[in-house]
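Any read-out appearing in this document is the output of simple, stated calculations on the displayed coordinates, not a laboratory observation. Predicted model, so just to flag it, every value in this text is computed and none were measured. Here the Cβ positions follow ideal geometry from the backbone for every residue, glycine too, while neighbour counts run over all protein chains shown.
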Amino acid sequence: MHKRLVEGMLKKIPRIKLGHGLEPGVKMGPLVSAAHRDKVEAYIKIGVKEGAKLLCGGKRPAGRAFAKGFFLEPTIFDGVKPSMRIAREEIFGPVLAVIPFDTEDEAVAMANDTEYGLAAAVWTKDVTRSLRVISRLRAGITWVNIYHPTFNELPWGGYKASGMGRELGLYGIEAYLETKQVNINLDENPIGWY
């Protein structure tokens, strides 16, 4: 599956239209700031330096349409080892690190072998397998056969170093509340502890 997956992703990359997020057909907008784009570019350089194979992207797109904004092309690395920083750290940019695996247990172990745990997705035709794997992943937000749509009514937040608490839904409201325990003796007589 590894080779087929990579080839399929490389065919889809040219269809990702970059531009202003409100323009029709745009699939990917800019990063939030110049500092963040610089950080993502630094991770791309680290990936190359550590020996990952840069298959596409990794550059700022050319042209007048990208003169304003902090754009970066979708980037795919192959030959990534689980020990590499681009596999272990949260980049929060258009960078994909491909790491092949042979068994379900190996995939779960690699996914959980990080100090982070914000989000994870499982792609399979086997629903039973998807539920088994999702239950084993140490991530706060998960998907099966899709990635990233969410609902405001559901909790949003990660495990481990990917955040504390939850946002959205009732879980998000609870973060703004201070819970208090109130005990009331409705009997006028003392309870007789002393």
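What the table shows:
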read-out: Evaluated at q = 0.12, 0.18, 0.20 Å⁻¹: base-10 log I(q)/I(0), Debye formula over Cα of the range 110-194; value: -0.52, -0.85, -0.99
read-out: Top of 22, 137, 168 by mean-square fluctuation, Gaussian network on the chain, Cα under 10 Å; value: 22
read-out: Interchain or long-range residues, amide H under 5 Å from residue 71's placed H; value: 31
read-out: Sequence of 55, 10 once ranked by neighbouring C-beta atoms within 10 Å, starting from the fewest; value: 10, 55
read-out: Simple Cβ-charge dipole of the range 1-100, Lys/Arg +1 and Asp/Glu -1, about Cα centre, in debye nearest 20; value: 240
read-out: Placed amide H near residue 159: partners under 5 Å, 5+ positions off or other chain; value: 117, 118, 140
read-out: Projected area averaged over orientations for the range 13-136, convex hull of C-alpha atoms, nm²; value: 9.1
read-out: Whole-Hz couplings from phi, Karplus 6.51/-1.76/1.60, listed for the range 99-106; x for Gly and Pro; value: 10, x, 8, 9, 10, 4, 4, 5
read-out: Residues of type lysines that residue 17 reaches as a straight line, Cα spacing below 27 Å, ignoring anything fewer than 8 places off in the same chain; value: 3, 27, 39, 45, 53, 59, 68
read-out: Using θ = phi - 60° and Karplus 6.51 cos²θ - 1.76 cosθ + 1.60, couplings along the range 153-158 (whole Hz; Gly, Pro as x); value: 7, 9, x, 10, x, x
read-out: Per-residue HN-Hα couplings for the range 40-53 [Karplus 6.51, -1.76, 1.60; θ = phi - 60°; Hz; x = Gly/Pro]; value: 5, 4, 5, 5, 4, 5, 4, x, 5, 4, 7, x, 6, 9
